[in-house]
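A short worksheet on the structure shown next.
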Amino acid sequence: NKDCGALFPENLARRVKRYKADMGFAFDGDADRLIAVDENGNTVNGDVIICSLAKYFNKLGLLNDNTVVGTSHTNMAIEDELKKDNITLIRTDIGDKYVLQKLIEKNLSLGGEQSGHVILKNLATTGDGILTALMLTEEICDSKLTLAELASEVTLYPQFTKNIRVADKNNVF
């Protein structure tokens, strides 16, 4: 993972632009995460991928209960965008194990994290970056849109994470 893959998509972005590729896919070391790069060299994170796939699956009737699972870090713009298509976002704690737990509990088909962990539960019970890339490619082919066009359907809100030490994390509200 040194200077490459899902943690460092900038290198892939430069190559996508240099070779005028339609898109690029960056995986982490065990390929359970995917960060995509559109034809303009812009990164497309897990939140945007999940949003796009949720809308696509919903159109195909494959999104169980019109609901998708995200985490507390899922960008609020994703929730707002999904509402436009009457898709509900359920949030869990951070961690793909919590996402999977909620998918199983509610019998849902799609969930994941901003980091690119995407679980397509009707096809696999773990994050699979290659499978996610294939599904995203299928959506692009079916829609006849570019990845940049799909990603532009949502503008992420500014967001940052700050770790704060507390004596008892269960008493923080």
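Points to keep in mind about this one:
- Length released on extending from residue 138 to residue 106, taking residue separation times 0.36 nm less the Cα-Cα span: 8.9 nm
- For residue 63, the residues 5 or more places off, or on other chains, whose built amide H falls under 5 Å of its own are 58.
- Interchain or long-range residues, amide H under 5 Å from residue 88's placed H: 67, 68
- Of interest is the spacing of the C-alpha centroids, which for the range 155-173 and the range 92-106 amounts to 19 Å.
- Karplus-derived 3J(HN,Hα) values for the range 69-83, using 6.51 cos²θ - 1.76 cosθ + 1.60 with θ = phi - 60°, are 10, x, 10, 4, 8, 4, 4, 4, 4, 5, 4, 5, 5, 5, 4 Hz; glycine and proline are entered as x.
- CD proxy at 222 nm, helix term only [per DSSP H run n ≥ 4: -39500 (n - 2.57); per residue of the chain; nearest 500]: -11000 deg cm²/dmol
- Database remark: amide H of residue 117 closer than 5 angstrom to the amide H of 34 (H placed geometrically; neighbours at sequence offset of 5 or more, or on other chains; Pro and chain starts carry no H).
- Between residue 160 and residue 88, residue separation times 0.36 nm minus the direct Cα-Cα distance comes to 23.6 nm.
- Overall, the accessible surface of the range 1-159 at a probe of 1.4 angstrom is composed of carbon and sulfur to the extent of 51 percent.
- Table column - 3J(HN,Hα) (Hz), the range 139-150, Karplus curve with 6.51, -1.76, 1.60, x for Gly and Pro: 4, 4, 5, 5, 7, 6, 9, 7, 4, 4, 5, 4
- Over the range 49-173, the reciprocal of the mean inverse Cα-Cα separation, the Kirkwood hydrodynamic radius, stands at 15.1 Å.
The values are calculated or read from the model by the stated rules, or taken from the named source; none is laboratory data. The structure displayed is predicted, hence computed values, not measured ones. Ligands, DNA and RNA are excluded from the accessible area calculation, which covers all protein heavy atoms including side chains. Shrake-Rupley method; radii C 1.70, N 1.55, O 1.52, S 1.80 Å.
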